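Only one structure is covered here, and it is reproduced in the block below.
The values are calculated or read from the model by the stated rules, or taken from the named source; none is laboratory data. Please read these numbers as outputs of a predicted model, since none were measured by experiment. Note: ideal-geometry Cβ built from the backbone for every residue, glycine included; neighbour counts use all protein chains shown. Heads up: the accessible areas ignore ligands, DNA and RNA and are worked out on the full protein's heavy atoms, side chains in. Shrake-Rupley method; radii C 1.70, N 1.55, O 1.52, S 1.80 Å.
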Amino acid sequence: ATLTGLARGAAAAIRERLSPDAWRTVTDLADLLGEAAPEIETEADALDRAHQALRLNAAFSGLVNENMNRLVGWRFLDIGRRLERAVLTCRVLRALAEPQATTGVLDALLEVGDSQITYRQRYVLAPARVPVLDLLYLDVNNPRSVAFQAEELRDHVNRLPGTEIGDVLNEAQRIATRLAADLRVADAREITADHVFACERDLFRLSDAISLRYFALPGRARREAEGWP
């Protein structure tokens, strides 16, 4: 409820720049998950509301991808979306992709990662830990994987203002480049919860580096973030 309320507040601040469909989608999502929404009483209610929220998110993503000009604002919006998806996937993998994970748990993991169809097309076997990790964590061709988000983040960071070809890499570029490279060479058979957690930390470090470089912080907060006395 808090996040959707903040999203609606941010959208309201730039209301004149949003299409009617985009504004309606944001407000519908805030209403669906806000404090005034009806209470969830059963598991079926929770599942139905989650599906409604996913449909609204998909609608908004479609509007962003089809209608927004590919300028700096769009890049920052997509950077945030890629970071959130990668962090969420890392956390779900750490929670569910344990060495002793059952077929049912791994099947649920594929459902959360919206990758069941891809898995069935690629593998004839029932969900198993290593191929699931390969698909959701390391596959650069799967738009739901962590590695795919890392590749997109590296591309975005390299195209932000002040990043000219031939210049020394800034902190955000270094983190994004190293993260994408590490995921490209990783082996799914060797992935542990610690490896995934390290990736998650790097994603937060990337977020902090972008914020410090491109977004103004209040004086005290900026000094603390940059380690000033």
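Some values worked out for this structure:
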quantity: Carbon plus sulfur fraction of accessible area for the chain, probe 1.4 Å, in percent; calculated: 55
quantity: Computed over segment 103-213, the ratio Rg/Rh where both radii use C-alpha atoms and Rh is Kirkwood; calculated: 1.04
quantity: Additional length obtainable on full extension of the chain from THR163 to VAL140, 0.36 nm per residue less Cα span; calculated: 5.9 nm
quantity: Where only alpha carbons of the chain are counted, the Rg and the Dmax (Å); calculated: 19.3, 58
quantity: Computed magnitude of the charge dipole of the chain (debye, nearest 20; Cβ of K, R +1, Cβ of D, E -1); calculated: 700
quantity: Extended-chain gain in nm, criterion 0.36 nm per residue less alpha-carbon gap, LEU125 and GLU39; calculated: 27.0 nm
quantity: Accessible area per residue in Å² at 1.4 Å probe, computed on segment 38-131; calculated: 64
quantity: Heavy atoms of ILE191: accessible area, 1.4 Å probe, square angstrom to 10; calculated: 10
quantity: Gain in span if fully extended, ALA10 to GLU84, counting 0.36 nm per residue against the direct Cα distance; calculated: 24.9 nm
quantity: GLN100-ALA198 FRET efficiency (beta carbon distance; Förster radius 25 Å; 0.05 resolution); calculated: 0.70
quantity: Efficiency of FRET from Cβ geometry, ALA53 and ALA188, R₀ 41 Å, rounded to 0.05; calculated: 0.85
quantity: Order by protection proxy (mean Cβ within 10 Å, highest first), peptides 32-44, 152-164, 198-210; calculated: 198-210, 152-164, 32-44
quantity: Segment 39-125: translational diffusion in µm²/s, Stokes-Einstein, Kirkwood Rh over Cα pairs, 20 °C, 1.002 mPa s; calculated: 138
